[in-house]
Each structure stands twice: as structure tokens, then as C-alpha cells.
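One structure is given here, and the rest of the page talks about it.
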Amino acid sequence: MEKNIRMDSHKLIYHPDVVARWMKGEDIYPIEIEISPSGACNHRCIFCAVDYIGYQADFLDKETILRDISHMSKKGMKSVICSGEGEPLLNKDMPDIANGIKSYGVDVAMSSNGVLLTKEKANDCLEAFTWIRFSVASMEEESYNKIQRGKAGDLGRVITNLTEAVRVKRDKKLKTTLGVQCLLLPDNMFQLSAMARQLREIGVDYLTIKPYSQHLHSDNTFEIDYSMMLELEKDIKRYATEQFAIHFRVNAMKKMHHNKCYKQCYGLPFMTHIDARGNVWPCVAHIGAEEFCYGNIYEQPFEEIWKGRKRQEVIQKLNVLDINKVCREACRLDEINKYLNELKHPGEHVNFI
């Protein structure tokens, strides 16, 4: 499982036809989109990257987003991640959205804090998801509450929901991958070995531990020296088995505080983001900066936005910015950008394969 998921790498290599068209200068359609079913959130995590948006109670309209995804699936879009600036399950239509996306032959996944993924919801929609990733900062209540800042008893609810989701998966013989993601912080670094052991006992498929990455506009700021934490990997990984993978994202941690080797974001055509108000953005890093908004799906169908003049103007603006100043460290597109940069600027002797 660990190698197949490629957690600390990228999967664009599996789409050579789209990459080849991009190399020829074609305006390709995104392979993946991220949507925010909800702008509201039931937690106020101390590491939240999009706290500056304000956790507004905006919710994507089911009919509108499914209308666009139906059209996008025919253009080559292959996957949708339900995540974004809020908790997806606060949108009452989330199970219907997931099942609707899957019905179009599109892979769908979700990142959630897990508090609201009850057994009933798992029964309703777990089958639709390729994967669900629970965001859990700690399995110790005091640390969990300090970091995630939810309601009293939330950790207990998450543990129950994780356990029930595993049971639903097994009872229905589903292929859905159930994982837990944890941000490595000074407040939880010495609890992660015990966390790995507990999650293995619950029966989830993996635990991934990743570094904090500062968002340009976030009020939450941390200065963390991850070079001092790399030695934790060995102790935590002793709980890994063939059935339970542990992804300790060393590669991402080593990237922190280093300049990028490319000058612009080549990965933008391959994915995009739709927020809870229907605005379409290049990526999460630019949500809220109106000059970088492609358009709004309540005003135009996505296809018109994607082919529109405004999107081209936004990309031109982004291409001249200093990527080391306006983008996050270790962002999701970093490995894709390295790959595409190498294709754009090959070294010598490339014909000697």
C-alpha cells in the first residue's frame, strides 16, 4: 500500500497522455478538482491554513456542483477531493454529493475531522469514496482538544466513528481506504507512537504524519525545526504492518525553508479548487484573493470558466510572481512541478535512455 499511494510523491506519471498534450501547448482539462462542500467548520484548529476566510456558513449547492461535475467527467476530469476551507460533513447533502460524483464514473475522496462521520453516514456513502482521510492531531484528549479546539468529547466521537467506519468497510467488503492524517507539532510529537499503535488496533489502513506548511494569509504561524524531529520516524514506524502503513513524510519535512527549483507553477492546469461559495481558484493558496479568482459556478458553468479569458489572465499574473514568496512550502503541487519542470528543461544526453 505504501508504495502505491505515493504519499510523498505524485501520480501525474500515470497520465502521460494528458502530460503529452500539455507539453504540446494544449489547454488541458483538470484531472483533479478539490471542492469545499462547506465553508463552516466545527473545529478551530491551531494550524488551520484558511482561518483568515472566517469559517462562513456557506454550502455548495448539490444540484449546481453535480451539474458541473457531470460535464467535467466527459472532458477528462477523473477525481474530486471533498475538503477545502470547512468540514465537508456540515453540508447536509454531502452523502448525496459523494454518491452523485461516483455515479458519473469519477473517483471521489474526502478529508474530514471525522466528528460527524457517524455509522449512519458511513452506511449511506462510504462505498462511494475511494478514500477518506481523518484529520486527527492526537489520540490523547488533552492534546487533541488543545490543538483541534472542538467540542468536549469530540475525540471520543472520532474514535467511535473510525471504529464504525472500519466495521462498515469490512461488513460490506468495500475497497475504500481509511486513513488518518496528523500534522507533526511540538505539542503531539511524543504521542505519535502510541497513536500509531491505537490506530492499528482500530483497523484503519494507514497513518500519515506531515509537516506544518505556512499559508501566506493565515493568522496561525509556527516556526518548527523539523530537522530535530526526523529521528521520530523509526520509533513510529515499528507499528507498521502489511495491513497498516505509516507514511512519515520525511521528504516534505526536508523541503521546509528551501527555495523551489522551478520558476512558475506548471501544475495549475492539472487541478483546481472550488470553494463553498462556488468561486473557482487556481489552488488553495490563493483563496480569497479576488484578482486570482477564475469565476463562479453560480454565474457560469465550469466549462465556460475554464475556457474563459479571465482564467488565462489570472494564470499570466501568477506566472510572473515570485513563487517562493506567494506559494506555500511543500505544497501539494511541488512534486508535480519538479517533474514538469524537468520535462520542460531536460538536461543533456536525454536520448541515451
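The values are calculated or read from the model by the stated rules, or taken from the named source; none is laboratory data. Only a predicted model underlies this, so the values are computations on that prediction, with no experimental measurement involved. Glycine gets a Cβ as well: all are built from the backbone with ideal geometry, and neighbour counts include every protein chain shown. When the accessible area is computed, the model is the full protein with side chains, heavy atoms only, and any ligands, DNA or RNA have been set aside. Shrake-Rupley method; radii C 1.70, N 1.55, O 1.52, S 1.80 Å.
Which one is least open to solvent (accessible area, probe 1.4 Å) among residues in segment 182-227 that are charged (D, E, K, R) and over 21 Å from the mean Cα position of the chain (by Cα)? Ranking the qualifying residues of segment 182-227, first place goes to ASP187. I want to confirm something. Restricting to segment 75-101 and keeping residues that are open to solvent by 20 Å² or more (accessible area, probe 1.4 Å) and over 18 Å from the mean Cα position of the chain (by Cα), which single residue is farthest from ASN279 (Cα to Cα)? Checking each candidate, the answer is ASN99. For segment 123-153, how many residues meet the condition of being crowded, with 19+ Cβ neighbours inside 10 Å and within 20 Å of the chain's Cα centre (by Cα)? Adding up the residues that qualify gives 13. Residues in segment 146-159 that are assigned to a helix (DSSP H, G or I) and in contact with a Lys or Arg (Cβ under 9 Å, 6 or more places away or on another chain): GLN148, ARG157.
Checking the structure you have, find out if any residue of segment 53-64 is touching a residue at least 12 places away in the same chain (Cβ under 8 Å) and more than 23 Å from VAL284 (Cα to Cα). No; the residues of segment 53-64 include none that is touching a residue at least 12 places away in the same chain (Cβ under 8 Å) and more than 23 Å from VAL284 (Cα to Cα).
Elements of the type helices (runs of 4 or more DSSP H) sitting completely within segment 243-353 and holding at least 1 residues that are within 25 Å of HIS71 (Cα to Cα), among the acidic types (Asp, Glu) and open to solvent by 20 Å² or more (accessible area, probe 1.4 Å): these cover 302-307, 309-319. Counting only residues that are under 16 Å from the mean Cα position of the chain (by Cα) and of a type in the set (S, T, N, Q), segment 12-61 holds 2 of them.
Residue pairs whose Cβ atoms lie under 7 Å apart, separated by 6 or more positions or on different chains, with the first residue in segment 226-247 and of a type in the set (Ser, Thr, Tyr) and the second open to solvent by 80 Å² or more (accessible area, probe 1.4 Å), are TYR239/ARG197; TYR239/ARG200; THR241/ARG200. Surrounded by fewer than 18 Cβ atoms within 10 Å (Cβ to Cβ) and touching a residue at least 60 places away in the same chain (Cβ under 8 Å): does that describe ILE31? Against the criterion (surrounded by fewer than 18 Cβ atoms within 10 Å (Cβ to Cβ) and touching a residue at least 60 places away in the same chain (Cβ under 8 Å)), ILE31 does not qualify.
Based on what the data block shows, is ALA57 touching a Gly at 6+ places or on another chain (Cβ under 7 Å) and among the small types (Gly, Ala, Ser)? Spelling it out, ALA57 is indeed touching a Gly at 6+ places or on another chain (Cβ under 7 Å) and among the small types (Gly, Ala, Ser). Within segment 89-99, at least one residue is in a loop (DSSP other than H, G, I, E, B) and either among the β-branched types (Val, Ile, Thr) or farther than 27 Å from TYR212 by Cβ (or both).
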